[in-house]
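Bear in mind these aren't lab numbers, they're just calculated from the coordinates by the rules spelled out. Predicted, not measured: the structure shown is a model, and the values here were computed from it. Counting neighbours? That spans all protein chains shown, and the Cβs are built from the backbone with ideal geometry, glycine included.
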Amino acid sequence: MEFDGAGVVVTGAAGGIGEALARRFHALGSTVVVADVLEKGVRSVADDLNAIRPDSALAVVADLRSEEGNRRLVETAHEYLSQHGRGSDAKSGIDLFFANAGVGTGNFVESTSEDDWDLAFDVNVHAHRWAAKYLLPRWLERRRGYFCSTASAAGLLAQIGSAPYSVTKHAAVAFAEWLSLTYGDRGVRVSCLCPQGVNTRMLSGGDLGDSRAGDVVRSAGVVLEPEQVAHIVAEAILAEQFLILPHPEVHDFETKKTADRDRWLAGMRKLQRRVFGDL
Ligand SMILES: NC(=O)c1ccc[n+]([C@@H]2O[C@H](COP(=O)([O-])OP(=O)(O)OC[C@H]3O[C@@H](n4cnc5c(N)ncnc54)[C@H](O)[C@@H]3O)[C@@H](O)[C@H]2O)c1
C-alpha cells in the first residue's frame, strides 16, 4: 500500500512504538488518527503533526479494553478520514488500522490476578478482533483495507517471566494469521509486527510485569529505538509483507524452536534459571 494520501489509525500512539509509527506514516504523507487512553500524550502527538501539516491528524482518547471503545474509535476515525483524506481515493476512510496498544501486566501463573489476565486479553487480543469487527464490513465492500497489529517476538517464542504476555501475544499472532488467510483473497492485507527489545516505557519503565522479564528482553539482543522500528515497518507495509521482524535473529530462534521443541524448551529453562534463579 502507498502511504501518501492514505488514512491511517494508530493505537497506543501516546508514546513509544505507536508514536513513532504515527510520525513515520505522517511524514510519508498519510493523514493519521492517533488513539490512546493517555490523553496528554496523544493530544500532544496530534498537535505536533497538525503544526507540520494542518488538518492532518486527530487525537482520539479511547480505552480500547471494551468493544464500545473500539467501535467508537473506528467510527470516529472513519468520519474524520473520509472528510480529511487527500489521496486519489480520498473519501474512503480508513486505509490502514494499526492495532499497536498493548500491556505487559502479569507475571507467573500463581501470582497474576484475574484482573491482570483480563486486562492482557482485552488490550492485547480482544481489542484487535473488536476493531476488525467494525473495520471489515467497509473493507470487504470496497475490497481493500490493511490491518496491522503489534504482537511481539514473545508471540512467536515466549516471554520468560510473564504467562499473560506470552499467551496473549501468541493469540495476537494467531488472530492476524487468521485474518490474512480468511480475507486475503477479498482485498484485506494483514501484517504482524513482532519485535524483540524496543526502547520504550514498556521495556524501561517496568511495565513488563516483572522487571526481570525486561532484563531477559534486553539480554536477548540489540534494543532498537522506536523510530528504527517505524522505518522498518513502513518498508514492510509498502511491500505488503505479513511478518515484520525488526530483529531478524527472531526468525532463526523460531526456526530452532519449531525444529526441536524439547531442545528449545531446555534452553529456555536454562535462561530462566539464569535470570530468576531456582523458583
Ligand atoms: N518495547 C518492547 O520491547 C516491545 C517488544 C515487543 C512488542 N512490544 C509491543 O509494542 C506495543 C507498543 O508498546 P511500546 O513498547 O511502545 O510501549 P508503550 O507502553 O510506550 O506503548 C503502549 C501504549 O498502549 C497504550 N494502551 C495501553 N492500554 C490501553 C488501552 N486500554 N486503551 C488504549 N491504549 C492503551 C498505552 O497507554 C501506551 O501508550 C505493545 O503492543 C507492546 O506489547 C513492545
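List of remarks:
- For the chain, size of Cβ-based charge dipole, Lys and Arg +1, Asp and Glu -1, in debye: 460
- With the helix formula -39500 (n - 2.57) applied to DSSP H stretches of n ≥ 4, the chain reaches a computed 222 nm mean residue ellipticity of -16000 deg cm²/dmol.
- Contour excess over end-to-end distance, with Cα ends at residue 52 and residue 263 and 0.36 nm allotted per residue: 70.7 nm
- If you plug the beta carbon distance of residue 144 and residue 225 into 1/(1 + (r/R0)^6) with R0 = 41 Å, you get a FRET efficiency near 0.80.
- Each peptide among 154-160, 216-222 gets the average number of other Cβ atoms lying within 10 Å of its residues, and from highest to lowest they stand as 154-160, 216-222.
- Each Cα pair under 8 Å and six or more residues apart adds its separation to the average, and for the chain the resulting relative contact order is 17 percent.
- For residue 33, nonlocal amide neighbours, meaning residues 5 or more places apart or on other chains whose placed amide H falls under 5 Å from its own, are 8, 9, 10, 58.
- 14 Å beta-carbon shell around residue 223, net charge (K/R +1, D/E -1): -2
- Pairs with C-alpha atoms separated by more than 22 Å, drawn from the list 133/257; 169/256; 40/169, are 133/257; 40/169.
- The aspartates and glutamates whose alpha-carbon is closer than 12 Å to the alpha-carbon of residue 270, local same-chain residues fewer than 8 away aside, are 278.
- Nearest-0.05 FRET efficiency for residue 174 and residue 274, computed from C-beta distance (R0 30 Å): 0.55
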